[in-house]
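Engineer: Take this structure, written in structure tokens, and hold onto it; I'll ask about it next.
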Ligand SMILES: NC(=O)c1ccc[n+]([C@@H]2O[C@H](COP(=O)([O-])OP(=O)(O)OC[C@H]3O[C@@H](n4cnc5c(N)ncnc54)[C@H](O)[C@@H]3O)[C@@H](O)[C@H]2O)c1
């Protein structure tokens, strides 16, 4: 049989599979990767004005959401496909899965296709660490982690690597999730304290991270559980009708967001009036607005996940990709760029 034409070099694009991604994280070291990603997200937030900014495109259903998250800095373009289905774990599936593409603006050709389920866990943890670096009380060493699912260990290790947290107090409505998280964090250098309730977990914590998954307006943190001076990273409330904090707590907090138009719809602040005051995390980083005012203030990072964080993460990943990557034949590359039809005809198998 006649050989079919082989894809040209132009047709082939590096593909970072889940196995490749895990190998890269182990080569770099998880905590080193989390530190590097935190610094790189910070650097990209400093040049906020250079990015296209649009709230993600979300397709909601009763049980979850599928979202596309695009942005560009004028030189490179990235998008992520991500879902959020809190009931998935009951069927043995993950709540969040993702993949994405990094492209060059000059030609529109993709530079890389990548798994982003692992990468999302890293970039979400790095973003929480970035918020805590700028907003948490000085010398914070103890964190509470409420919701001990897929994101949990990454959140704890990023706060350890970037902010010097040495103790993590765990709570999940499902004790099996807490056991899993405690087991995974053994030997990490963190003191791990499983707790019988969310309230018990918050005792003595200077940083509280909520990363629960439930498609409703849940109250994971009540107002009366939170004393003065605490920093909260609320990352599980990230869709319309899906929140974690009591509105009375938001009334006491100074709230910081990624991209306000998106967070007004998806974040904890969807529960608040349209004029509820918020500040942008990127402006705290550049010094344009004040972060933590005093030791007694409650600061809240209402994190929903923004496209620039994924852009940063994909560029970080691209820098780790070496020769020898798997290549996908995804770009049709006819000898004459206008002869796509001829390329199709040359690929026809002769009839037997
Ligand atoms: N902000 C972001 O950038 C971002 C990024 C990724 C994921 N998320 C969100 O973070 C959340 C966690 O994601 P995941 O992948 O770890 O999900 P997961 O399903 O693996 O884990 C969620 C855990 O929360 C627990 N839980 C549910 N309700 C609870 C409650 N009231 N109190 C204590 N624990 C409770 C569940 O038992 C489960 O163990 C999801 O809501 C997801 O959508 C946000």
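The values are calculated or read from the model by the stated rules, or taken from the named source; none is laboratory data. Just so you know, these numbers come straight off a predicted model, no measurement behind them. Positions of Cβ are generated from backbone atoms using ideal geometry, with glycine treated the same way; all protein chains shown enter the neighbour counts.
Engineer: Test of understanding: among 51, 15, 45, which residue is out of contact with any strand residue (DSSP E or B) (no Cβ under 7 Å at 6 or more places or on another chain), modelled with pLDDT of 95 or more and within 17 Å of residue 78 (Cα to Cα)? Full working, then the answer.
Structural biologist: Values: 51 fails: out of contact with any strand residue (DSSP E or B) (no Cβ under 7 Å at 6 or more places or on another chain); 15 fails: out of contact with any strand residue (DSSP E or B) (no Cβ under 7 Å at 6 or more places or on another chain).
Going through 51, 15, 45 in turn, just one is out of contact with any strand residue (DSSP E or B) (no Cβ under 7 Å at 6 or more places or on another chain), modelled with pLDDT of 95 or more and within 17 Å of residue 78 (Cα to Cα): 45.
Engineer: Take the residues of segment 182-210 that are under 11 Å from residue 144 (Cβ atoms) and in contact with a helix residue (DSSP H, G or I) (Cβ under 6 Å, 6 or more places away or on another chain): which is surrounded by the most Cβ atoms within 10 Å (Cβ to Cβ)?
Structural biologist: It comes out as 209.
Engineer: Given the residues 24, 41, 66, which is the only one that is more than 25 Å from residue 285 (Cβ to Cβ) and in contact with a helix residue (DSSP H, G or I) (Cβ under 7 Å, 6 or more places away or on another chain)?
Structural biologist: Answer to the selection: 24.
Engineer: Oh, and also: Within segment 305-352, can you find the residues that are within 40 Å of the chain's Cα centre (by Cα), assigned to a loop (DSSP other than H, G, I, E, B) and touching a residue at least 40 places away in the same chain (Cβ under 8 Å)?
Structural biologist: The answer is 305, 306, 321, 325, 330, 331, 332, 333.
Engineer: Does residue 168 satisfy the criteria of being part of a strand (DSSP E or B), over 24 Å from residue 305 (Cα atoms) and within 16 Å of the ligand (Cβ to nearest atom)? Don't jump to the end; show me each part of the working.
Structural biologist: Working: part of a strand (DSSP E or B): yes; over 24 Å from residue 305 (Cα atoms): no; within 16 Å of the ligand (Cβ to nearest atom): yes.
Here the answer is no, as residue 168 does not meet what is asked.
Engineer: If a residue must be in a loop (DSSP other than H, G, I, E, B) and either within 19 Å of residue 158 (Cβ to Cβ) or in contact (Cβ under 8 Å) with a residue 40 or more places away in the chain (or both), how many such residues does segment 27-61 contain?
Structural biologist: Looking only at that region, the number is 6.
Engineer: From the residues in segment 114-143 that are touching a strand residue (DSSP E or B) at 6+ places or on another chain (Cβ under 9 Å) and over 20 Å from residue 305 (Cβ atoms), which one is nearest to the ligand (Cβ to nearest atom)?
Structural biologist: By that ranking, first place goes to 142.
Engineer: Which of the following residues is part of a strand (DSSP E or B) and within 12 Å of the ligand (Cβ to nearest atom): 148, 83?
Structural biologist: Being part of a strand (DSSP E or B) and within 12 Å of the ligand (Cβ to nearest atom) holds for just one of 148, 83, which is 83.
Engineer: Given segment 187-261, what strands (runs of 3 or more DSSP E) lie entirely inside it while holding 2 or more residues that are within 19 Å of residue 152 (Cβ to Cβ)?
Structural biologist: Here the list reads 191-194, 207-210, 217-221, 231-234, 243-245.
Engineer: Tell me, yes or no, whether segment 119-137 has at least one residue that is buried (at least 24 other Cβ atoms within 10 Å of the Cβ) and over 25 Å from residue 300 (Cβ atoms).
Structural biologist: Looking through segment 119-137, at least one residue is buried (at least 24 other Cβ atoms within 10 Å of the Cβ) and over 25 Å from residue 300 (Cβ atoms).
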